[in-house]
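Chemist: Just dropping this structure here.
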2 protein chains.
Amino acid sequence: MRIVAIHERTIPLAMAARNASIGFAGMTASALAVHTDARRNGKPLIGLAFDSIGRYGHGGLLRERFIPRLLAAAPDAYDDGNGGIDPRRAWTVAMMDEKPGGHGERSGAVGLIDAALWDLAAKSSDQPLWKRLAPDREDAAIEVYASGGHYRASHDVEALRDEIRRAMAAGHRRFKIKIGGAALADDRRRTEAVLAALEPGMTLAVDGNGTFDRATALHYAEALSGYPLAWLEEPVPPLDFELHREIAEQSAVPIATGENLFSADDARNLLRYGGLRRDRDFLQFDISLSYGIVEYERILECLEAFGWRRERCAPHAGHLFAMQAVAGLELGLAETTTDAQGLFGAVTSGVAVLDGRARLPDAAGTGFEASPVYRQIFDGLVN
Amino acid sequence: MRIVAIHERTIPLAMAARNASIGFAGMTASALAVHTDARRNGKPLIGLAFDSIGRYGHGGLLRERFIPRLLAAAPDAYDDGNGGIDPRRAWTVAMMDEKPGGHGERSGAVGLIDAALWDLAAKSSDQPLWKRLAPDREDAAIEVYASGGHYRASHDVEALRDEIRRAMAAGHRRFKIKIGGAALADDRRRTEAVLAALEPGMTLAVDGNGTFDRATALHYAEALSGYPLAWLEEPVPPLDFELHREIAEQSAVPIATGENLFSADDARNLLRYGGLRRDRDFLQFDISLSYGIVEYERILECLEAFGWRRERCAPHAGHLFAMQAVAGLELGLAETTTDAQGLFGAVTSGVAVLDGRARLPDAAGTGFEASPVYRQIFDGLVN
């Protein structure tokens, strides 16, 4: 199989949302389509990818380096020996003449190519991606949580409560809201308001988005220790492993972190130095933003070497693609959003959630074609 | 002062060179010009920057995020209260709505803007950049070394010897060549050939470009311990701090590293965990690729907190801009190249080197205007 063209475009995700770290008004994401010379079921075989969120689209890097390398490569540089494309070999082609280190941006561009090639590989074998990754797995259901609870300029607590109730009505049992974007007293009020709205067995996590300094992080960890929180997410800057270790030593609250580390190199350092606890903490490396499944498999090897179970993994964002990977790589938990209105949330809005579990679509590949926003994302790239 | 336009373009640096990590045939670099509404000495005041080398140009990211943010900002978001532009305030504008972590690519795009704004600030006060950074410093001379010794397909050792002799004739006394791109026996031959050509007091360093695994790195460190090497550079992958620690524990040879870490976050982790020795090792963070001088000042604060002297800093590449920063920030050593033919090397070819010391030009700013390749780099951006 030969890659004949790769089309990409940048899609605005303009959202009024704000967390403790950034505003999302100018946020973008890339959509990508890898066209091949193959056909399947009477149609051209095309691999699709749509970005994760929070680090902007990757159009410039894709056009400058990664797409040209793949288009310039001879097909036998990436073929799988069986008439298909091997995402692992194609990954090596895309990363040719790239120096080690510096994992950010580039990792998201390559992650899009990786995601499209896994979509393609799954379609080539007429399987959903999760089944392509885990042939022995029978069950397409995964645990999910609904993420949201951003700050609003007015009626913040009422709107927050409404948001959580809507997510509950949509079948969710696990929720996450922001902290750190307001005074601690406000964050307490928000936390208590949501906890009061939960039904038995439902859980709440809170997310500081990596902005607290040492004193604030320790103060928050102490102040929140009285609430039954599922986890405290990114209490401190993502690369301050020493501070992670301190928080983990001083607080029993589970910590979740890793969404702003984008490689096996960085994941290994978190596990080596971060003092995280294998019995309770969560690892949230974003698969698409971290060079895709090919690199994530290296991250999982690293986890294993450090005695971590992959059930502790709850990848950041990543919509359908991440959900497929959670099922296919036997990870613990997938993130979805409470915001089904926005484009990013709408990608998975067609996936039924029941009692906190999502059942992945049966269609071949990642499942974008069945998404209500398929045309909006991929029009112009696939035809 | 108002930024009225920012022009950039990508310049091919096509070189036949290869190190242990990558080939440079497709290497590119960005040139950038920040236009203002101010004039100085009868001419429009324009700030110039030219990329460091090894991580490709940053045109896509500049156009997507960093240039638009600066152009959209009100001048009072970046003014210095004195009619000029404050590079530190402008840095904050450029990094607005950027999440923490993920330091790579973005760090190079922002570094270009930073470099152009420092050039502008120095021109605004009619000073060379080093003097703008260090008003009390009288002397414009800095220690430099000549980097080269890439592998060639034929007559490798003869060509290597000629290259070093040419650099000697150009006034250099410190040299660096590649290792790890050939068998150890070949690397020994190359090392011995250069050492035999050196005059008393001249020094040689070797550079593995971060590709050795643990066993190879330990083997090389042992095998090279008999030579009087100035340093062993990047013996291991840049983010494997534990392996740095092991090498430093087991070998007395000075280690130089850091060129593939691009932030104060990552520099701090190297100092915390890498086991480097303050009395002999070198820190090579690339100023332009690491968000520029504004972030480098944070790196220097971090060094100080860990008891390191800034004389241990020998920034990677970066040509005139890095040389100005070495003088202006009182760092130890600047890197130049043995390859004065290539565009990158030609940027500094007008700077006289005598007895291993370079004397920076007296012109205001970074000094690009006096470079023999000024037109080649900036034509179309400045007029």
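Chemist: List pairs: first in region A:205-224 and away from chain B (no Cβ under 14 Å) and within 13 Å of A:Ser251 (Cα to Cα), second part of a helix (DSSP H, G or I) and not polar (S, T, N, Q), Cβ under 6 Å, 6+ apart or cross-chain?
Modeler: A:Ala221/A:Ile247; A:Ala223/A:Leu184
Chemist: Those residues that are within 11 Å of chain A (Cβ to nearest Cβ) and closer than 23 Å to B:Asp119 by Cβ, I need them from region B:262-284; list them, please.
Modeler: B:Phe262, B:Ser263, B:Ala264
Chemist: Find the residue count for region B:69-125, including only residues that are over 19 Å from B:Tyr296 (Cα atoms) and assigned to a helix (DSSP H, G or I).
Modeler: 9
Chemist: Criterion first (hydrophobic (A, V, I, L, M, F, W, C), part of a helix (DSSP H, G or I) and surrounded by 14 or more Cβ atoms within 10 Å (Cβ to Cβ)) does B:Leu232 satisfy it?
Modeler: no
Chemist: For region A:139-172, how many residues meet the condition of being closer than 18 Å to A:Thr336 by Cα, among the charged types (D, E, K, R) and more than 19 Å from the chain's Cα centre (by Cα)?
Modeler: Counting residues in region A:139-172 that are closer than 18 Å to A:Thr336 by Cα, among the charged types (D, E, K, R) and more than 19 Å from the chain's Cα centre (by Cα) gives 5.
Chemist: Among the listed residues B:Tyr227, B:Tyr296, identify the single one that is of a type in the set (Phe, Trp, Tyr) and farther than 17 Å from B:Glu335 by Cα.
Modeler: Being of a type in the set (Phe, Trp, Tyr) and farther than 17 Å from B:Glu335 by Cα holds for just one of B:Tyr227, B:Tyr296, which is B:Tyr227.
Chemist: Can you name every residue in region B:246-261 that is within 16 Å of B:Asn209 (Cβ to Cβ), out of contact with any Asp or Glu (no Cβ under 6 Å at 6 or more places or on another chain) and either at pLDDT below 95 or at the interface with chain A (Cβ under 10 Å from one of its Cβ atoms) (or both)?
Modeler: Hits for region B:246-261 are B:Gly258, B:Asn260, B:Leu261.
Each row is one residue, and each column tells you yes or no for (1) surrounded by fewer than 24 Cβ atoms within 10 Å (Cβ to Cβ); (2) of a type outside the set (Asp, Glu).
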site	(1), (2)
A:Arg280	yes, yes
A:Leu289	no, yes
A:Gly292	no, yes
A:Leu300	yes, yes
A:Glu304	yes, no
A:Arg310	yes, yes
A:Pro315	no, yes
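Chemist: Can you tell me which residues in region B:3-19 are assigned to a loop (DSSP other than H, G, I, E, B) and within 20 Å of the chain's Cα centre (by Cα)?
Modeler: Within region B:3-19, B:Leu13, B:Ala14, B:Met15, B:Ala17, B:Asn19 qualify.
Chemist: Name the residues in region B:20-55 that are hydroxyl-bearing (Ser, Thr, Tyr), over 16 Å from the mean Cα position of the chain (by Cα) and not in a loop (DSSP other than H, G, I, E, B), would you?
Modeler: The answer is B:Thr36, and nothing else.
Chemist: Related question: Determine if region A:27-37 includes at least one residue that is out of contact with any strand residue (DSSP E or B) (no Cβ under 8 Å at 6 or more places or on another chain) and within 10 Å of chain B (Cβ to nearest Cβ).
Modeler: For region A:27-37, residues out of contact with any strand residue (DSSP E or B) (no Cβ under 8 Å at 6 or more places or on another chain) and within 10 Å of chain B (Cβ to nearest Cβ): absent.
Chemist: Now for a different question. Is it the case that region B:317-334 has a residue that's part of a loop (DSSP other than H, G, I, E, B) and either among the aromatic types (Phe, Trp, Tyr) or farther than 26 Å from B:Lys123 by Cα (or both)?
Modeler: no
Chemist: Considering region A:61-75 alone, what residues qualify as being surrounded by fewer than 18 Cβ atoms within 10 Å (Cβ to Cβ) and of a type in the set (A, V, I, L, M)?
Modeler: Correct list: A:Leu71, A:Ala72, A:Ala74.
Chemist: Looking for whichever is under 30 Å from A:Lys178 (Cβ atoms), buried (at least 24 other Cβ atoms within 10 Å of the Cβ) and assigned by TED's automatic domain parsing to the domain that holds A:Leu239 here; the options are A:Ala115, A:Ala49, A:Ala141, A:Ala146. Which one fits?
Modeler: Going through A:Ala115, A:Ala49, A:Ala141, A:Ala146 in turn, the sole match is A:Ala146.
Chemist: Next question, about the same structure. Looking only at region A:225-273, count every residue that is hydroxyl-bearing (Ser, Thr, Tyr) and either free of Cβ contacts under 8 Å to residues at least 24 places away in the same chain or over 14 Å from A:Gln284 (Cα atoms) (or both) and tell me the total.
Modeler: 4
Chemist: Against the condition within 12 Å of another protein chain (Cβ to nearest Cβ) and modelled with pLDDT under 95, how does A:Gly42 come out, does it pass?
Modeler: Answer is no for this residue.
Chemist: Can you go through A:Leu243, A:Leu276, A:Leu261 and tell me which one is in contact with a helix residue (DSSP H, G or I) (Cβ under 9 Å, 6 or more places away or on another chain) and assigned to a helix (DSSP H, G or I)?
Modeler: Of the residues listed, the single one that is in contact with a helix residue (DSSP H, G or I) (Cβ under 9 Å, 6 or more places away or on another chain) and assigned to a helix (DSSP H, G or I) is A:Leu243.
Chemist: Moving to a separate point now. Do we find a residue being within 18 Å of B:Ser52 (Cα to Cα), among the charged types (D, E, K, R) and part of a helix (DSSP H, G or I) anywhere in region B:354-369?
Modeler: yes
Chemist: Return only the number of the condition from (1) β-branched (Val, Ile, Thr); (2) farther than 19 Å from A:Asp339 by Cβ; (3) away from chain B (no Cβ under 14 Å) that A:Val110 does not satisfy.
Modeler: (3)
Chemist: Now for a different question. So, in region B:58-79, exactly how many residues are within 7 Å of chain A (Cβ to nearest Cβ) and of a type outside the set (A, V, I, L, M)?
Modeler: So the count comes out to 5.
Chemist: Then there is this: Any residue at all in region B:363-381 that's at positive phi, modelled with pLDDT of 95 or more, in contact with an Asp or Glu (Cβ under 7 Å, 6 or more places away or on another chain) and not acidic (Asp, Glu)?
Modeler: yes
Chemist: With the requirement that a residue be on the phi > 0 side of the Ramachandran plot and surrounded by fewer than 24 Cβ atoms within 10 Å (Cβ to Cβ), what does region A:318-333 give you?
Modeler: A:Glu330
Chemist: Right, here's the next one. Pull out all pairs, ordered by first then second residue, where Cβ-Cβ is under 7 Å, the residues are six or more apart or on different chains, the first lies in region A:334-358 and is among the small types (Gly, Ala, Ser), and the second is part of a helix (DSSP H, G or I).
Modeler: A:Ala334/A:Ala322; A:Ala334/A:Met323; A:Ala334/A:Val326; A:Ala340/A:Ala346; A:Gly350/A:Ala370; A:Ala358/A:Met323
Chemist: Considering only region B:80-105, how many residues are of a type outside the set (A, V, I, L, M, F, W, C), under 18 Å from B:Ala264 (Cα atoms) and within 11 Å of chain A (Cβ to nearest Cβ)?
Modeler: Selection size over region B:80-105: 8.
Chemist: Tell me, which residue of region B:17-40 that is hydrophobic (A, V, I, L, M, F, W, C) and under 24 Å from B:Glu233 (Cα atoms) is surrounded by the fewest Cβ atoms within 10 Å (Cβ to Cβ)?
Modeler: Applying the filter and picking the extreme gives B:Ala25.
The values are calculated or read from the model by the stated rules, or taken from the named source; none is laboratory data. Just so it is clear, the structure is predicted and the values come from calculations on it, not from any experiment. As a convention, Cβ positions derive from the backbone with ideal geometry for all residues, glycine included, and neighbour counts pool all protein chains shown.
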